[in-house]
4 protein chains.
Amino acid sequence: MSLNTFGHLFRVTTWGESHGPALGATVDGVPPGVAIDEEMIQVWLDKRKPGTSKYTTQRKEPDQVRILSGVFEGQTTGTPVQLMIENTDQRSKDYGDIAEKFRPGHADITYWQKYGIRDYRGGGRSSARETAARVAAGGLARAALNTLAPGIEIQGYMTQMGPHAITGERDMSQIDQNPFWVPSAETADTWANYLESLRKSGNSVGAIIEVVARNVPPGLGAPVYGKLDTDLAAAMMSINAVKGVEIGEGMAAAMLTGEDNADEIFMGNDGKPVFSSNHAGGILGGISTGQDVVVRFAVKPTSSILKPRQTITKSGESAEIITKGRHDPCVGIRAVPVGEAMMASVILDHLLLHRGQIGANRGKIG
Amino acid sequence: MSLNTFGHLFRVTTWGESHGPALGATVDGVPPGVAIDEEMIQVWLDKRKPGTSKYTTQRKEPDQVRILSGVFEGQTTGTPVQLMIENTDQRSKDYGDIAEKFRPGHADITYWQKYGIRDYRGGGRSSARETAARVAAGGLARAALNTLAPGIEIQGYMTQMGPHAITGERDMSQIDQNPFWVPSAETADTWANYLESLRKSGNSVGAIIEVVARNVPPGLGAPVYGKLDTDLAAAMMSINAVKGVEIGEGMAAAMLTGEDNADEIFMGNDGKPVFSSNHAGGILGGISTGQDVVVRFAVKPTSSILKPRQTITKSGESAEIITKGRHDPCVGIRAVPVGEAMMASVILDHLLLHRGQIGANRGKIG
Amino acid sequence: MSLNTFGHLFRVTTWGESHGPALGATVDGVPPGVAIDEEMIQVWLDKRKPGTSKYTTQRKEPDQVRILSGVFEGQTTGTPVQLMIENTDQRSKDYGDIAEKFRPGHADITYWQKYGIRDYRGGGRSSARETAARVAAGGLARAALNTLAPGIEIQGYMTQMGPHAITGERDMSQIDQNPFWVPSAETADTWANYLESLRKSGNSVGAIIEVVARNVPPGLGAPVYGKLDTDLAAAMMSINAVKGVEIGEGMAAAMLTGEDNADEIFMGNDGKPVFSSNHAGGILGGISTGQDVVVRFAVKPTSSILKPRQTITKSGESAEIITKGRHDPCVGIRAVPVGEAMMASVILDHLLLHRGQIGANRGKIG
Amino acid sequence: MSLNTFGHLFRVTTWGESHGPALGATVDGVPPGVAIDEEMIQVWLDKRKPGTSKYTTQRKEPDQVRILSGVFEGQTTGTPVQLMIENTDQRSKDYGDIAEKFRPGHADITYWQKYGIRDYRGGGRSSARETAARVAAGGLARAALNTLAPGIEIQGYMTQMGPHAITGERDMSQIDQNPFWVPSAETADTWANYLESLRKSGNSVGAIIEVVARNVPPGLGAPVYGKLDTDLAAAMMSINAVKGVEIGEGMAAAMLTGEDNADEIFMGNDGKPVFSSNHAGGILGGISTGQDVVVRFAVKPTSSILKPRQTITKSGESAEIITKGRHDPCVGIRAVPVGEAMMASVILDHLLLHRGQIGANRGKIG
């Protein structure tokens, strides 16, 4: 049994395996009247798709999305939108070894333990290919946000690769200028050298991604178990290989005093509250403050490596394993658009939830 | 509008405000035939209740739980269990100031922005008192686990307070011997001095809590959006003041190579897989491996401090605020039993989900 | 395991047993800013409470509701509202016999088969007392409707008791003038005689209740599995003893031709569509049309009767059973306010769902 | 916004419009290890597909199902199963008239009122074509039931068409021998004559369908809002054109006395309880008794008829409408396999829910 849906009102169910005929997202709760076509979604899929640089898997997947339902004459109708991506470059023979052996650090063993059957080809459902469906749904979420709450911007980028944190001033204009989505030309160079060496040695490495949502209206989040940060934590932790999630100050909040942590409040010239700092990451009590919403997550290194590791087989025998196939040396790179997609989906979901509350005498300040 | 329920099959809805007549947890999905009485739940509430040391709020709340439904002749019946705790020591006059001013770093402003009305007394629904209901539900979850899967142990402890991480060898027998639930007598002394000084200065500080679940069977977790780590991340992030959640290696996974991160697998003498390490924190692909499940979360410092901070009033005027009331200088201390309760609830929930899957030819190894 | 919550956004979880200390409803998703106090809820509970005429159970329960959370200074805050009703007139000794024997037509045997334990006192959770919690929640729903969509009226009444259908012209002003909530003085007399004779003989009888919602805006209902009629059918069928639910023409729709069934459409003077008839019961394709929403449901006769019936004991022995206790000869009477409460809850829930859809260019006609 | 998913653990989300490129069902919660292939599902689709007799729409749709995910080497893997059916015989030009006018008795007007946009081609999402997806999911549910609980049989048939109820003794062997799935050769003849005449006159008619599930184990159903009968009522009411649902005695339960309604209980030779009758329709207190589960539902006549009816246009002008297209004169006929599919899905869902309750000391009798 599995639970493959996320969201309260904007509900995304992803389906499909790495080497099956297709995968996709069944998206329910899309508001009607949103302008959308395949190209508007494709642009995000292209950002995530494999093979765009030598630092990602060389599997050639065009990841071409098709809209099968829920759109009529260029607009959503309020009915479920089916987004389908056909798989085209499966090389299942690459995976023969994995049919019997469990890759250390991979879901091979747990899927077997849970289900007693697994589609081992390319990791089946546990493959990072599943995230293509998230990105497609995220593209739809962005389009809906553009209609319902124009001005919201969502941007992701890497801030750490292995031992190398981003250095120097952040320059957001650099994000699209390097294969790592890092806002620093200097860091991009450092990482390029580091990763090239790692890739050649058949190893892999982890990464940290930060995603920011700007111009999010205050009031989003449904305490106490549908808090905005709760749902963001779940959304990011559900991405393959993620091992930690932080909001604003994150784990470092433990090291602050109350005096230092308090984001002081002032009135802005536009009659809206402004804050002296953003330790909170734009969320207090699970509800957006109107500041930037800031989320970070850590992606562990790819488990499929050329370095030999000890493992066991399904029949319980010891074995050494080397994973050939085609794998990302730093799967964190392609997690950037995935993190953006999850942010977009969660923000839209909470916007819809909050609007359902109409009739409330919402709080005005001043 | 709010969403106050967590869990898939073991569903806990908490209700109540800090200064209302009572608060509690409506717990649905409790398996029938679980031996339970109020005392079995009270023991956990006593661990969380305020006023047990000078390092926690001096509000005097006995936090006495009453079971109002779902239990007959000492056993659960499979119907909803209502756990109610009456509030007895409200001093609402302490909060007059807060009615008009928003505490920086607190949910005061966002509840106002979202709802346009808020029960400001003691923080209302955003108060840490809400966690008493979680602990009560967690006590019930532990009892159910004892019946359904005897042997599972859940233990929480603090590993960091402000700048001071735990030092020296961990000695689990020390956890219950100090007011900080820290597995180190030496660290307890350091923290005592540090916190005493902080408390006297009217300041507060953050903390990191680690919670471990031992003897969890493999196979728990429902990929890809009801993963065990996803649900744990949501559960912990939903606790007041939490800003980061880590599974196993956590954020540090970003710094590892694939070679180092791989927990190698061997066959144990008992015919079960054993792992050379536990970077994974007991979870791979969102499913438990049978290793210890390890979660950490960071709690920010209490926002209610005696240090003066700049803020605004409801009418938009600048103001300085000092929060008197009775507050925890390190609310992370009392978050330890809360983290345990969330772990117990999530593990039970996934045990029930997994058992619903009967009929599967689950995977045997060897 | 059980599922004791209904509703999508307005979510009501009922808890409690017939002879436990209390029962109630945990209501989440109540919009903020709704004026409410206990008296506004009590008025509906008084309509349902036992012992108001000789035609209902003589158990004396004041059914006094207490609001324990979610309301501050006379308004809802958007946080969960706990509505508690204490049980005061339990006579558990009446039920000794039922501890061992299963009443035919009653849930005694199935609760035992499912759970292996049951609170047999007064039927435990399967008692019609559970519906008090629904009525309390329904009172809150009515208050919210008054705030969000003033003008919606919800009214229930009986249309059939045993072999006697309502006769003559319906006179709605009569509904509150007789103990059967029947819109006909003449029918009330017939039923009084019939039921008195039945009650004396220790027998019971079934009934049909109709509930109408007037001034419901068009557009409510979430096809295709959260249709307005789907949710109404579930809501009514979930009431104890209900065996059938009809919308508009109901089962008789089977006998109509398409020509006869079509409610023809015209434009009204106010620029809104008007219909020549209402075979649809105010719902087309699962969405409200703006006409009266009309639901009917059949309640079977009370199973607890003085007439001796054959049954078995828990140990599998044949036995004869006579149920003494205090029971309703026609439990359908007290189902009238319960049906109204369910209608109010479903309408409010769909109003909230529909409003969440903001941003849609909703359809204007003309 | 819409809610297109049903089920608690066996969760079916249908998607697609009548004249879009495809439609289908995303099925989550399928237990692993269930033997399945496309042919096992196709057999049920063939039963529902149009054009099999002159009494159904002449649209030519092969309704060929493709399994796109969740199945590996002939078995389910526990991951979502995507069942896709491509549309091949859309004749959208037939529907030009409907773009502007609302068919009386049809969802045309309410979709417009709700969403402000609608895919009018063939009724879009409100078309009976949506039920093909339900039937596909139902085929999968049947396969899972065969694996988890062999012996359960689910059978639907018609019992009434317009004014003509089934007459004579029921002969179940006749069900597959006539185009109406009626268990009576004599009635089939009567209906054939009646419907042929109706069809020629361009009219349509309603019907009643009964669905029986045999060998359902006792204990299924989750009171009080996930009762087996509650979920069956919702499942059937969610089918297009259904206006009433009955369990066992149904609406006629209102006419019974408690003495007559009580299904007396005896011990069978096999040590299981047997009942003297089945007024309950196999369900007491929302939980299955082990008797046959019996559900009936009424389908209204097709709204798309050749008889001219008065209506209005989108611009609010009066108009007469005649619906040409290709329509079922009695859509109830094709609702038979749909009702079976819903029954299969609900029974499987509750079987999974009930099994999640393991650890219960379930009730033994005797």
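The values are calculated or read from the model by the stated rules, or taken from the named source; none is laboratory data. Bear in mind the structure is a predicted one, so any value in this text is a computation, not a measurement. Cβ coordinates were reconstructed from backbone atoms using ideal geometry, including for glycine residues, and neighbour counts include every protein chain displayed.
Among A:ARG199, A:ARG214, which is touching a Cys at 6+ places or on another chain (Cβ under 9 Å) and not small (Gly, Ala, Ser)?
Of the residues listed, the single one that is touching a Cys at 6+ places or on another chain (Cβ under 9 Å) and not small (Gly, Ala, Ser) is A:ARG199.
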Go through the stretch C:1-109 and tell me which strands (runs of 3 or more DSSP E), entirely inside it, have 1 or more residues that are within 21 Å of B:ILE67 (Cα to Cα) and touching a Lys or Arg at 6+ places or on another chain (Cβ under 9 Å). C:11-16, C:22-28, C:81-86
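To keep it simple, each residue is scored yes or no on (1) crowded, with 24+ Cβ neighbours inside 10 Å; (2) of a type in the set (Phe, Trp, Tyr); (3) closer than 30 Å to A:GLN291 by Cα; (4) touching a residue at least 24 places away in the same chain (Cβ under 8 Å).
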{"position": "B:PHE72", "(1), (2), (3), (4)": "no, yes, no, no"}
{"position": "B:GLN75", "(1), (2), (3), (4)": "no, no, no, yes"}
{"position": "B:PRO80", "(1), (2), (3), (4)": "yes, no, no, yes"}
{"position": "B:MET84", "(1), (2), (3), (4)": "yes, no, no, yes"}
{"position": "B:GLU100", "(1), (2), (3), (4)": "no, no, yes, yes"}
{"position": "B:GLY105", "(1), (2), (3), (4)": "yes, no, yes, yes"}
{"position": "B:GLN113", "(1), (2), (3), (4)": "yes, no, yes, no"}
{"position": "B:ARG121", "(1), (2), (3), (4)": "no, no, yes, yes"}
Within the stretch C:127-134, is there a residue that is part of a helix (DSSP H, G or I), more than 30 Å from C:MET40 (Cβ to Cβ) and touching a helix residue (DSSP H, G or I) at 6+ places or on another chain (Cβ under 6 Å)? no
Does B:THR57 satisfy the condition of being over 21 Å from the mean Cα position of the chain (by Cα) and surrounded by fewer than 24 Cβ atoms within 10 Å (Cβ to Cβ)? no
Only one residue in A:LYS54, A:LYS47 is in contact with a helix residue (DSSP H, G or I) (Cβ under 6 Å, 6 or more places away or on another chain) and modelled with pLDDT under 95, so which one is that? A:LYS47
Which condition from (1) within 8 Å of another protein chain (Cβ to nearest Cβ); (2) of a type in the set (A, V, I, L, M, F, W, C); (3) touching a His at 6+ places or on another chain (Cβ under 6 Å) is the one that A:LEU228 breaks? (1)
For the structure I just gave you, tell me whether C:TYR225 is within 17 Å of D:ASP231 (Cα to Cα) and of a type in the set (Ser, Thr, Tyr). yes
Yes or no: the stretch A:254-264 includes at least one residue that is of a type outside the set (D, E, K, R), under 20 Å from A:SER345 (Cα atoms) and within 28 Å of the chain's Cα centre (by Cα). no
If B:VAL295 passes every condition in (1) surrounded by 23 or more Cβ atoms within 10 Å (Cβ to Cβ); (2) facing chain A (nearest Cβ under 9 Å); (3) β-branched (Val, Ile, Thr); (4) within 30 Å of A:ASP108 (Cα to Cα) but one, which one does it miss? (2)
Determine whether the stretch A:202-219 contains at least one residue that is polar (S, T, N, Q), in contact (Cβ under 8 Å) with a residue 40 or more places away in the chain and within 26 Å of B:VAL224 (Cβ to Cβ). yes
Hey, any hits in the stretch A:240-257 for a residue that's under 20 Å from B:GLN113 (Cβ atoms) and either touching a residue at least 24 places away in the same chain (Cβ under 8 Å) or more than 7 Å from chain B (Cβ to nearest Cβ) (or both)? yes
Pairing a residue in the stretch D:268-293 that is free of Cβ contacts under 8 Å to residues at least 24 places away in the same chain and among the aliphatic types (A, V, I, L, M) with any residue that is assigned to a strand (DSSP E or B) and surrounded by fewer than 20 Cβ atoms within 10 Å (Cβ to Cβ), where Cβ atoms lie under 8 Å and the two sit 6 or more apart in sequence or on different chains, gives D:VAL274/D:PHE266; D:VAL274/D:MET267
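Yes/no matrix, rows are residues, columns are (1) farther than 26 Å from D:MET255 by Cβ; (2) modelled with pLDDT of 95 or more:
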residue: C:GLY248; (1), (2): no, yes
residue: C:LEU256; (1), (2): no, yes
residue: C:ALA262; (1), (2): yes, no
residue: C:ILE287; (1), (2): yes, yes
residue: C:GLY290; (1), (2): yes, yes
residue: C:VAL299; (1), (2): no, yes
residue: C:SER304; (1), (2): no, no
Report whether or not A:GLY151 is among the small types (Gly, Ala, Ser) and touching a helix residue (DSSP H, G or I) at 6+ places or on another chain (Cβ under 6 Å). no
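Looking only at residues that are surrounded by fewer than 24 Cβ atoms within 10 Å (Cβ to Cβ) and not basic (Lys, Arg) in the stretch C:45-54, which one is nearest to C:GLU130 (Cα to Cα)?
Within the stretch C:45-54, the match that is nearest to C:GLU130 (Cα to Cα) is C:PRO50.
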The residue from C:LEU68, C:LEU9, C:LEU23 that alone is under 23 Å from C:LEU145 (Cβ atoms), of a type outside the set (Ser, Thr, Tyr) and within 14 Å of chain D (Cβ to nearest Cβ) is C:LEU9
For the stretch C:27-39, indicate whether the set of residues that are within 14 Å of chain D (Cβ to nearest Cβ), under 12 Å from C:MET84 (Cα atoms) and at pLDDT 95 or above is non-empty. yes
Being over 15 Å from D:LEU284 (Cβ atoms), in contact with a strand residue (DSSP E or B) (Cβ under 8 Å, 6 or more places away or on another chain) and either in a strand (DSSP E or B) or charged (D, E, K, R) (or both) is the filter here; which residues of the stretch C:298-313 pass it? C:ALA298, C:GLN310, C:THR313
Exactly one condition in (1) of a type in the set (D, E, K, R); (2) over 30 Å from B:THR76 (Cα atoms); (3) away from chain D (no Cβ under 14 Å) is not met by C:ARG121; state its number. (2)
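Please specify each residue of the stretch A:197-225 satisfying the condition of being on the phi > 0 side of the Ramachandran plot and within 7 Å of chain B (Cβ to nearest Cβ).
A:GLY219
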Take the residues of the stretch D:270-285 that are outside any strand (DSSP E or B) and more than 30 Å from D:VAL331 (Cα to Cα): which is nearest to the other protein chains (Cβ to nearest Cβ)? D:GLY285
Residue check: is B:LYS307 at the interface with another protein chain (Cβ under 8 Å from one of its Cβ atoms) and surrounded by fewer than 20 Cβ atoms within 10 Å (Cβ to Cβ)? yes
Can you tell me which residues in the stretch D:270-284 are closer than 20 Å to C:VAL205 by Cβ, surrounded by 20 or more Cβ atoms within 10 Å (Cβ to Cβ) and small (Gly, Ala, Ser)? D:ALA280, D:GLY281
